[in-house]
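Any read-out appearing in this document is the output of simple, stated calculations on the displayed coordinates, not a laboratory observation. Quick caveat: nothing in here was measured; it's all calculated off a predicted structure. No Cβ is skipped: glycine too gets one built from the backbone with ideal geometry, and neighbour counts run over all protein chains shown.
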Amino acid sequence: MASTKTLVSQIRGGVEWNGDQGKLCCPFHDDKNPSCSVNVKDNVFNCFGCSEKGTIWQLLDRAGITYQRDSDNGNTPYDYVDAVGVLRYQSVRTPKPGGKDFFLRQPNGSGWFNKMTGVSPLLFNLPAVVKAIAKDETVVFCEGEKDVLQLKKIGFVGTTSHGGVNNWKPKLAEFLAGARIVLCGDQDVPGLKYIEKVGRSLQGTAKDIRILQLPYEIAEDHGKDLTDYIQEFGVKSFKALKAAPWEPVELPEPKAKPTLASKDTEEPTCQREKHLALFEKAEGMQTIAITEYAPIAWTVQDILSPGYCTISAGSKLWKTASRIWLGVNFC
Ligand SMILES: [Zn+2]
């Protein structure tokens, strides 16, 4: 297998290498003096002549250098075609330290633009989705192109949106008007949130929405997906799973900040009571740690000492309210 350095070296005009860095004539513009710099350690390029920049693979694609995509660089391109099968763009999954990333590129006749201009987002596997809806067959909305391709292998029509869990566009719901949908995300928190978002935007648009919960524990991140399930338990077992009717659910949100609003308590009038009330309602209080730095000589036994006293806690956790409370009560 060719290294990226070997591949880049094949670009017309050659490359002047200095370790992992190289200079070459830019394939994105008519370059006579090498104005494109490349770094094969980070796998990026940057042209000072035409301002084009991107990944090594975009550079190779543009230069017409062929390479074994999946094995050489870990990149996996997925075609996004319109309802009649015309290639509109590709979503390319590319590895990055600790995970994966995506970039989009648009065909320009001979190669790719690593930009998206005048292209609307599409659903993956759209022609099959359109046919399935016309035949009143189920479409499985899953998380990622890999799962869609896996579903295809076992005779299901699947679809997804490009770019991972944070990239659902409500506009995409239009493609699923009248569809029978089974939602099946990865069994982790981001996956559940994604599926919930999709379900909500399909409400009133899709004919029927169901959810398929794979029998795995929900992970914080990187949970199991339907491909994992099929690999572990087989196609027959997957086909035997039952999807339940989907309803919107409240997903856990980050802990709310303490609030003061409360209708069923009387509004305290005097300043002291007001501060006491503030104190009692502050849910964040239990996380406050009080650290003393001096031997304790109590001004008020077990409450207030004349020495140094530090109240430390994160922001909005009632440090100031605590000081006021101490002041109002004991000074
Ligand atoms: Zn250039």
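Summary table below
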item	result
The range 1-94 - share of DSSP beta bridges that are antiparallel (%, nearest 5)	100
Relative exposure of Val157, Val8, judged by other C-beta atoms within 10 Å (fewest first)	Val157, Val8
Principal axis dimensions, the range 126-245 - Cα atoms, whole angstrom, descending	33, 28, 25
The range 220-228 - phi-based ³J(HN,Hα) in whole Hz, Karplus 6.51/-1.76/1.60, Gly and Pro as x	4, 7, 6, x, 6, 10, 5, 5, 4
Alpha-carbon spread of the range 1-133, three principal axes, descending order, Å	56, 33, 22
Placed amide H near Tyr78: partners under 5 Å, 5+ positions off or other chain	Ser91, Val92, Arg93
Over the range 1-67 - Rg/Rh using Cα atoms and the Kirkwood inverse-distance radius	0.91
Ranked list, fewest to most other Cβ atoms within 10 Å of each Cβ, for Asp31, Asp225	Asp31, Asp225
Karplus-derived HN-Hα couplings along the range 25-40 (A = 6.51, B = -1.76, C = 1.60, θ = phi - 60°), whole Hz, x at Gly and Pro	6, 6, x, 8, 9, 6, 9, 9, 9, x, 10, 10, 9, 9, 10, 8
